[in-house]
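The values are calculated or read from the model by the stated rules, or taken from the named source; none is laboratory data. Because the structure is predicted, anything quoted here is derived from the model rather than measured. Cβ atoms come from the backbone with ideal geometry, glycine included; neighbour counts cover every protein chain shown.
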Amino acid sequence: METHNTNNNAENNDLDLREIFKALWIGKYIVVSVTALFIIASVIYSLSLPNIYHSRAILSPVGESSGNGMSQVMKNMGGLASLAGVNLPSGDSGSKTLQAIEKLNTLSFFENNILPNIHLPDLMAIESWNAKANEIIYDPEIYDEVTKTWTREYSYPETLIPSAQESYDVFGAENLVVFQDIDTGFVSITVKHQSPHVAQSWAELIVSQLNYFFRAKSKLEAEAAMDYLNMQMAQTSFSEIKLVIAQLLQQKMQQLTLIEASDFYVFEYIDPPAVMENKSEPSRAAICIIGAILGGLFGCLIAVVRYYSTDKDVI
């Protein structure tokens, strides 16, 4: 009895497959037509997409080991200073690399360090890039290049000139990718843009501004600490405390020297960003292949549904 049921199931499966192939054969023109329609649509869509160029900077954290050594020295000195009655704030504020990555993704960094140093229409009004002339063409409905004025339509909370928050959302979502390799500690900053020259300049700008921001911050902190130590030196008459403060001042002077020694305070280049000759996206071939596959599947579905609907009506 079980063998008979198995044979019936196999025959039914064969019959179903034959029916499906029959439906596809009868509806072959539908399948071909729908597939061709999807291919044409995917080709048109892929050609409408602008070329996007990537410029990537590979960075190595600067002075993590030396910075940790300096922090350890300052901890030791801080303990000695505490014994002498001088209270100093802890100099260990965490990894500069992690701080820099987090700072890069903030609105304040974009508003204060990036936005003033870029041409905003390159971000918010670009329509295309003329490779031969190396010129950016702007959307006239957003920005008038002749009069250098914004012409876009807007509604609250937008403004005629894109705000820092609106620009930040576009910059972070469409133009910037930051990645840190956990194993090596190396950081890659990738900027995407229709112009490879803009992508390269923005990548360089990000690295330079990160280094500038943290150099300035550390310099202010070191100078404030030196002012504090000099004040403590003037207020004490104990030679032991003066000796400790003098050692702390020496360490702060060394720190200031390191800060001023190089522009690369947080990151240094392993591979600087370049003006790429070949686009990175979109992959038009992949778009067309996916369109053809979807078109074929959709065409087969229409053919099978049409076959069974027609067959049912006849019955």
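May I ask you to verify whether T236 is outside the structural domain of A41 (by TED's automatic domain parsing) and either under 30 Å from A125 (Cβ atoms) or surrounded by 13 or more Cβ atoms within 10 Å (Cβ to Cβ) (or both)? Answer is yes for this residue. Among the residues of this structure, Y265 counts as one that is outside any helix (DSSP H, G or I), assigned by TED's automatic domain parsing to the domain that holds D227, under 31 Å from the mean Cα position of the chain (by Cα) and surrounded by 14 or more Cβ atoms within 10 Å (Cβ to Cβ). Assess whether E260 counts as being more than 30 Å from I30 (Cα to Cα), of a type in the set (D, E) and either more than 33 Å from the chain's Cα centre (by Cα) or not assigned by TED's automatic domain parsing to the domain that holds A100 (or both). No, not satisfied. For region 128-167, the set of residues classified as hydroxyl-bearing (S, T, Y) and either farther than 26 Å from S48 by Cβ or in contact (Cβ under 8 Å) with a residue 60 or more places away in the chain (or both) consists of S128, T147, T149, S155, Y156, T159, S163, listed by residue number. Of all residues assigned to region 293-310, none qualifies as being of a type in the set (G, A, S) and in a loop (DSSP other than H, G, I, E, B).
Of everything listed in (1) closer than 16 Å to V62 by Cα; (2) crowded, with 17+ Cβ neighbours inside 10 Å; (3) aromatic (F, W, Y), the single unmet condition for W202 is (1). For K242, the stated conditions hold: it is in contact with a Ser or Thr (Cβ under 7 Å, 6 or more places away or on another chain), over 23 Å from F109 (Cα atoms) and in a helix (DSSP H, G or I). Within region 267-284, does at least one residue satisfy the condition of being touching a Leu at 6+ places or on another chain (Cβ under 6 Å) and more than 30 Å from F186 (Cβ to Cβ)? No, every residue in region 267-284 fails to be touching a Leu at 6+ places or on another chain (Cβ under 6 Å) and more than 30 Å from F186 (Cβ to Cβ).
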